[in-house]
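The values are calculated or read from the model by the stated rules, or taken from the named source; none is laboratory data. All of these numbers come straight from a predicted model, not from anything done at the bench. Positions of Cβ are backbone-derived with ideal geometry, glycine not excepted, and every protein chain shown enters the neighbour counts.
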Amino acid sequence: MSTASPPHPHEPHLRIPPANSARIRSPYEMRPLRTAAERAEADALVVGDSLGLVTHQRLPLLSQRDIPGLFRDEGSAPVGLFEDDGVLLGCLIPDQKPNLAHRGIAGAGPSLFLHHVHTAPDRWDSIMRLITLWASDYAARLELSRIRAEAPAHRRDLDALRDMGWESCGTGPGTDGEPTIRLELRAEPRPRLTSLIRCTVSPEPRPAEPLPERAMTTTPPLHPDLARELVTRAEQSTERWSRLVRDQLDAIHLGQRRHADHANAAVLRRILADHGWPGHHLVGPDASRAAWQLALRADHDPNFQHLAARLLHRAVKNDDAPTTQWAHLHDRALVNNGHPQEFGTQYRIAADHLEPHPIREPADLDTRRTRVGLPPAATALHALRRRLADTPEHTDSTTDTIILTALADAA
């Protein structure tokens, strides 16, 4: 991560618009550098930033690579942070599949790598904070858990980077073979960040790799008490949701249902923090399914659903939960966070019919559904219509789900 001089002492604060103003235009935008003019502007910014490193931090320019040329190269995919008046503030090259073999085991695992981060020299602190916020949210939407970057060795502003959330993970040769400080940042979804930074860089989240359905173990659960609590809560929740779908809840009971959903989510959050996903090994199949039902109904907290889906995916990898459950919760988290769903499991009730929430690449939908053990979309829709015609009494992870005015019918 190449950055320049410390901020000017009189640097203005970040311009953050009111959180409740949906119409206000985002003051910043992160977007691909597509035109020759934008790439030339990035070229000039990189040169100025590099000179700032030499002038202010007395760091030698060791790289033999033409770094500005990387931003001019039409084969690269650089992005830029712009102010709303079109001024380029910073540029970088994000890499979703970096080759970090030079880091050894410390570079293992998926991550978003930020190559060649450069900023306007006189506004380093505020621009780096904006880039850090964007990278954290962008990686989370790609379902990556961390962001990695490299800074020149012996730099003087590491404390500022740590204050932004970056962690130093030692030193060593960088991607260009030069001495660097290796940095990591935790990914974190930030749904309200769009009021500050509009992002048009690969807006669709990268789906986690679907996994085939595999047989589960049948050993007694490690925590039968936890299992009983989950099953009891899910059974009570299912009854309330069934009555909601049948339109049998008055205002008082609706409030009670919402309160119960919040309480159930709080209990599940504590369990996830203590144990990870409560899979078959920990609580048994019935209670694990109950936990999944409670997570599906936590529509008031999309970030929590996103976290729960990630932990459930890990359990699937360990043969500790069904893939179909993960597919439903993954779609639910995507929809509630404003993204197209992956497997088409989430529906809404229109005036007189059911319709799916937006789907990524719908032409390939049934192929993706087959990979995770779900039936074709048309078959699932037929089953869902039949369930609505009858009394919804159970949750089936192979059929699809309704989200009803920001609520959920997981019956």
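Data overview
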quantity	calculated
Hits in the range 302-334 (condition: in contact with a helix residue (DSSP H, G or I) (Cβ under 6 Å, 6 or more places away or on another chain) and of a type outside the set (A, V, I, L, M, F, W, C))	PRO302, GLN305, HIS306, HIS313, ASP320, THR323, GLN325, HIS330, ARG332
Residue list for the range 134-155, restricted to those being hydrophobic (A, V, I, L, M, F, W, C) and either in contact with a strand residue (DSSP E or B) (Cβ under 7 Å, 6 or more places away or on another chain) or not assigned by TED's automatic domain parsing to the domain that holds PRO191 (or both)	TRP134, ALA135, ALA139, LEU142, LEU144, ILE147, ALA149, ALA151, ALA153
The range 137-174 - residue that is surrounded by 20 or more Cβ atoms within 10 Å (Cβ to Cβ) and part of a strand (DSSP E or B) and, of those, nearest to the chain's Cα centre (by Cα)	ILE147
Scope the range 284-334; condition touching a strand residue (DSSP E or B) at 6+ places or on another chain (Cβ under 6 Å) and more than 21 Å from ARG368 (Cβ to Cβ); matching residues	ARG297, ASP299
Check on ARG206, under 16 Å from the mean Cα position of the chain (by Cα), of a type in the set (Lys, Arg) and modelled with pLDDT of 85 or more	no
Residue that is under 23 Å from ARG141 (Cα atoms), surrounded by 24 or more Cβ atoms within 10 Å (Cβ to Cβ) and of a type in the set (A, V, I, L, M, F, W, C), where the choices are LEU311, LEU334	LEU334
Single condition GLY48 does not satisfy, out of (1) part of a loop (DSSP other than H, G, I, E, B); (2) at pLDDT 65 or above	(1)
Filtered residues of the range 341-371 (kept if within 21 Å of GLU143 (Cα to Cα), in a loop (DSSP other than H, G, I, E, B) and of a type outside the set (Gly, Ala, Ser))	GLU342, PHE343, THR345, HIS357, PRO358, ARG360, GLU361
Answer residue from the range 110-127, given it is buried (at least 23 other Cβ atoms within 10 Å of the Cβ) and part of a helix (DSSP H, G or I) and is nearest to the chain's Cα centre (by Cα) among those	ILE127
